[in-house]
Amino acid sequence: MKEGVFLYDGEVECDIRIIRSSVRFGTGDHEDEPDVRDDVEQIVFYVLYGSTTERGVFSSGSGAYESLQEAMTQLAVTAIGPTLRWTT
């Protein structure tokens, strides 16, 4: 959906992606309530953060956002926001 780069620690350029998924993944933890624990068929957006040591490898991600705009807005207010540059 969306790709870009950001600076980690102000100097290491890292990749970032926002992807669309048809599943909102649950925690899978039996102690959580069903609405948190179970996967749900729902269009959501996840942010994938690129590795700080290897380009093209996405080593961490975010929770689900209900829209692309919501994901982008939340990223803009994080510590990486000022360094974030979208390429697509």
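Within the range 1-21, restricting attention to residues that are more than 15 Å from Arg55 (Cβ to Cβ) and assigned to a strand (DSSP E or B), the residue that is most open to solvent (accessible area, probe 1.4 Å) is Arg20. Any residue that is in a strand (DSSP E or B), open to solvent by 50 Å² or more (accessible area, probe 1.4 Å) and more than 28 Å from Glu11 (Cα to Cα) - is there at least one of those in the range 44-64? No: the range 44-64 contains no residue that is in a strand (DSSP E or B), open to solvent by 50 Å² or more (accessible area, probe 1.4 Å) and more than 28 Å from Glu11 (Cα to Cα).
Name every residue in the range 47-83 that is in contact with a Ser or Thr (Cβ under 6 Å, 6 or more places away or on another chain) and modelled with pLDDT of 95 or more, in order of residue number. Residues satisfying the conditions are Val47, Tyr49, Ser51, Val57.
Of Thr27, Thr73, all but one fail to be polar (S, T, N, Q) and either in a helix (DSSP H, G or I) or touching a Gly at 6+ places or on another chain (Cβ under 6 Å) (or both); the exception is Thr73.
The values are calculated or read from the model by the stated rules, or taken from the named source; none is laboratory data. Treat the numbers as computed from the prediction; the structure is a model and nothing was measured. Because the Cβ atoms are built from the backbone with ideal geometry, glycine has one as well, and the counts that use them run over all protein chains shown. Ligands, DNA and RNA are stripped out before the accessible areas are found, and what is left, the full protein with its side chains, is counted by its heavy atoms. Shrake-Rupley method; radii C 1.70, N 1.55, O 1.52, S 1.80 Å.
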